1. So which aspartates and glutamates can Lys162 reach, going by Cα to Cα under 20 Å and dropping same-chain residues fewer than 8 places off?
2. Over the chain, calculate the relative contact order: mean separation of alpha carbon pairs under 8 Å at least 6 apart, over the residue count, as a percent.
3. Once every Cα of the chain carries one equal point scatterer and solvent is ignored, give the base-10 log of I(q)/I(0) from the Debye formula at q = 0.08, 0.09, 0.12, 0.17 Å⁻¹, two decimals.
4. If you take the C-alpha gyration tensor of segment 82-172, multiply each eigenvalue by 5 and take the square root, what semi-axes do you get, largest first, in whole Å?
5. Kindly provide the GluC sites (Glu not before Pro) of segment 119-162 that DSSP labels as loop, not H, G, I, E or B, and whose Cβ sees at most 14 other Cβ atoms within 10 Å.
6. For Leu146, Leu35, Leu66, what ranking results if the residue with the fewest other Cβ atoms within 10 Å of its Cβ goes first?
7. Over segment 31-72, what lengths in whole Å, largest first, do the semi-axes of the equivalent ellipsoid take, defined as the square roots of 5 times the eigenvalues of the alpha-carbon gyration tensor?
8. Can you order the peptides 12-22, 68-78, 182-192 by their average number of other Cβ atoms within 10 Å per residue, highest first?
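The numbers here are math on the coordinates, done by the rules we state, and not lab data. Being a predicted model, the structure only gives us computed values, none of them experimental. Every residue, glycine among them, receives a Cβ derived from its backbone with ideal geometry; neighbour counts consider all protein chains shown.
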Amino acid sequence: MNINDAIMNRRSIRKFKQIKIDRETLVSFVQAARLAPSAANLQPLKFLIVDEKECVDKVFELVKWLGYIAPHGNPKKGEEPVAYIVILADTNIRKSGYQHDAGAAAQNIMLAAMGERIGSCWIGSIERDSMKKFFNMPENLEVDTLIALGYPAEEPVVEDYKDTIKNYKDENGVLHTPKRKLEDILFINKFPKP
């Protein structure tokens, strides 16, 4: 799959097949993340791969899913992610302003996953203190976001924005994600006069 296809076809997945992702593949996603752009090349990010069942189950308890349609958008029993990559910021390297680095790293992880036909979901609603305690993280590491991973058990669709940006499920249980139209967000060389 070429990179443009990966970008155009990537959707946030919230239903996963219970097929383990091999660790080497997960490490390759971190390799993609570490090569993402970094402001001033400070590289303050660290990554935690979570793929052991007990730890995966604990992370699932510590995150919230798609708020617009909760709890209907939450993975049900047997649909949970099989792995996570937690994106951490080392505050000994950079105290603040690492969010742009984390966003670039997250996108690289999700595109690398898409290239392997693995679904992903970027999650920011995390019980961070509980996560730090469970994983015995050093004080200098801050949990930024995480990526839930697994082979997709759903095929969400993208549609043009009409009157809301809120995701919804149709009568067949298919998740729809409205996106603003290109002509509403793109300007070339200048903005139109009011």
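1. Cα-Cα hits under 20 Å: Asp170, Glu171, Glu183, Asp184.
2. Contact order relative to length: 29 percent.
3. Log10 of I(q)/I(0), two decimals: -0.29, -0.37, -0.64, -1.20.
4. After scaling each eigenvalue by five and taking roots: 29, 16, 14 Å.
5. Answer in residue order: Glu139.
6. Fewest-to-most ranking of Leu146, Leu35, Leu66: Leu35, Leu66, Leu146.
7. 29, 17, 8
8. Going from most to least packed, we get 12-22, 68-78, 182-192.
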